[in-house]
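Single-structure report; data block below.
Derivation of every value follows stated rules applied to the coordinates shown; laboratory data play no part. Values in this document were obtained by computation on a predicted structure and should not be read as measured data. Note: ideal-geometry Cβ built from the backbone for every residue, glycine included; neighbour counts use all protein chains shown.
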Amino acid sequence: MAELDHFATYSIEESRVAELVRLANDEEQSKPPETHYFYFMTEDQKIFMLEAIRLSDQGVKLNEGGPFGCVIVRNGEIVGRGNNKVTSTNDPTAHAEVTAIRDACQRLNKFQLEDCEIFSSCEPCPMCLGAIYWANLKKIYYACTRKDAATIGFSDDHIYQEISLDLQLRSIPILQVMREEALLVFNDWMLKTDRIVY
């Protein structure tokens, strides 16, 4: 069974840990409503998800941001951790998944995480989902749904809806200007012999 590695610096009270373990065990006994991809977790996967949940709890207690936590796992070991730090860093992109991806990339000294999996305490928002795809993670595990998040004031449905709209119908105006000038840089990129493709 995997153990939490030495990067952890905070702990939840034993009663809180026991509660989280009980909830994880109870979850295996019945299929949750409106979830079509639920399956039985391994003991290691429970540990990883509990650590993501612990990080979400830690962030709330430290007033760092919203109640979201995340870990990145490679070969059965946690290589990246993150929790939401939007309000404490004045960074609207500092969601748990993004901070965990940044942490993992720095620790592993690489910008692609193709051999890693991500465990998030909540279903990733569109921005985080995009970051996950750009990082090339191979699997996503999440606990709460985006509907759960919406019930506590974190709704991203409008972003999902915006993505499917034509540009001229979106709520934030999107205007294309100076394409020819910008294409010059694209052309330089294609001619660059030492470019790093990703």
| remark: Ranking Q168, L184, Y198 by how far each Cα lies towards the positive end of the charge dipole of segment 143-198 (+1 on Lys and Arg Cβ, -1 on Asp and Glu Cβ), the top one is Y198
| Label-point separation (nm) for E180 and D44, each offset 7 Å from Cα along Cα-to-Cβ? | 5.7 nm
| field | segment 117-176: Rg to Rh, with Rh as the Kirkwood radius over Cα pairs | value | 1.05
| segment 42-113: percent of C-alpha pairs farther apart than 19 Å? | 32 percent
| task | Could you tell me which of the pairs K46/K138; K61/K139; K139/K192; K110/K139; K85/K147 are separated by over 27 angstrom between their Cα atoms in the structure shown? | result | K61/K139; K139/K192
| remark: With R₀ set to 35 angstrom, the calculated FRET efficiency between the beta-carbons of R195 and K139, to the nearest 0.05, is 0.75
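So, R0 is 22 Å and r is the distance between the beta-carbons of V60 and S155; what FRET efficiency does that work out to, to 0.05? Could the numbers behind the result be given before it?
Numbers: r = 19 Å, r/R0 = 0.85.
Once the sixth-power term is evaluated, E becomes 0.75.
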